[in-house]
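I have placed the structure first, in the form of structure tokens, so that the comments after it can refer back to it.
The values are calculated or read from the model by the stated rules, or taken from the named source; none is laboratory data. Keep in mind that this is a model prediction, so the values were computed, not measured. Using ideal geometry, Cβ is built from the backbone for each residue, glycine included, and neighbour counts are taken over all protein chains shown.
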């Protein structure tokens, strides 16, 4: 039989690296390893600096620590299967292991989208109500926002695994990426996948789709507030506080849109392009966010330099 009921045994799933380049995996894995190493080290540095420097215990940096934690989670979640494929050519993954990694990848992606939205709200409050900024965004409010962000992501993605377990699959299923994504798994089903597909689309609309609309609205409000400031120097200063966040938003949404476009309209493109875009989507934000915030945020940059100087002495 080519298919069987998922309530018994689950079929075999094979992850895919860069098809046709298997002999060069040792060389290809080096830059990928460097990206992971820099991402993890940078995000840990951001978290450490914010935790140890009392002067950074402010709303903006609390949201930045949420972003760094999310990026760290996304990197460490995708790392095991990526390097099992590129270093050990170990492609096989069990169905339950696939669902676990898929769950956390999508949870962290949705959390990152929501954290970026919360950071836009933070920037709006800082520009609109600079004198009441700390009074509005109290620790309790920030904790509540963080719990709501995590709760939404966990709740939205949770039913997806049960819907996927109800479906039937071939005995052997070759996947498109070296990590586990819902849209990749659902293509391997041989039973009716309409419910799972619709649910997956609704999750995207209710999370990243809604967040992107609210992000756009937030920046319309921010721009309106900035233009109402009389002093040109103050307008420039206010906009400069948003540069890092704008870069983080573009770094997150641009690869995601690119991956969606290639998946939708690039059926005839090389599988390598699909894998590269998926890697860019999951690896570039955790790499670039701490770099951008370290470069553009003077307080973070100064504290990191001071830590390094202290260790060198």
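Restricting attention to segment 74-100, the residues that are under 25 Å from residue 159 (Cβ atoms), surrounded by 19 or more Cβ atoms within 10 Å (Cβ to Cβ) and under 16 Å from the mean Cα position of the chain (by Cα) add up to 3.
Looking at 85, 35, 107, just one residue is outside any loop (DSSP other than H, G, I, E, B) and out of contact with any helix residue (DSSP H, G or I) (no Cβ under 7 Å at 6 or more places or on another chain), and that residue is 85. Candidates 36, 103, 62: the one that is without any contact (Cβ under 8 Å) to a residue 60 or more places away in the chain and either under 18 Å from residue 185 (Cα atoms) or within 21 Å of the chain's Cα centre (by Cα) (or both) is 103. Considering the conditions (1) closer than 29 Å to residue 96 by Cβ; (2) surrounded by 14 or more Cβ atoms within 10 Å (Cβ to Cβ); (3) in contact with a helix residue (DSSP H, G or I) (Cβ under 7 Å, 6 or more places away or on another chain), residue 206 is excluded by exactly one of them, (2). On the basis of being over 28 Å from residue 185 (Cβ atoms), loosely packed, with under 15 Cβ neighbours inside 10 Å and more than 20 Å from the chain's Cα centre (by Cα), does residue 30 make the cut? Answer is yes for this residue. Scanning segment 82-91 for residues that are farther than 21 Å from residue 41 by Cβ and either out of contact with any strand residue (DSSP E or B) (no Cβ under 6 Å at 6 or more places or on another chain) or modelled with pLDDT of 95 or more (or both) yields 84, 85, 88, 89, 90.
Does residue 283 meet the test of being without any contact (Cβ under 8 Å) to a residue 24 or more places away in the chain, under 30 Å from residue 175 (Cα atoms) and buried (at least 20 other Cβ atoms within 10 Å of the Cβ)? So residue 283 does not fit the description; no.
Taken across segment 245-264, residues that are in contact with a helix residue (DSSP H, G or I) (Cβ under 8 Å, 6 or more places away or on another chain), more than 26 Å from residue 294 (Cβ to Cβ) and not in a helix (DSSP H, G or I) do not occur at all. Selection of segment 261-298 for residues being modelled with pLDDT under 80 and under 20 Å from the mean Cα position of the chain (by Cα) yields only 263.
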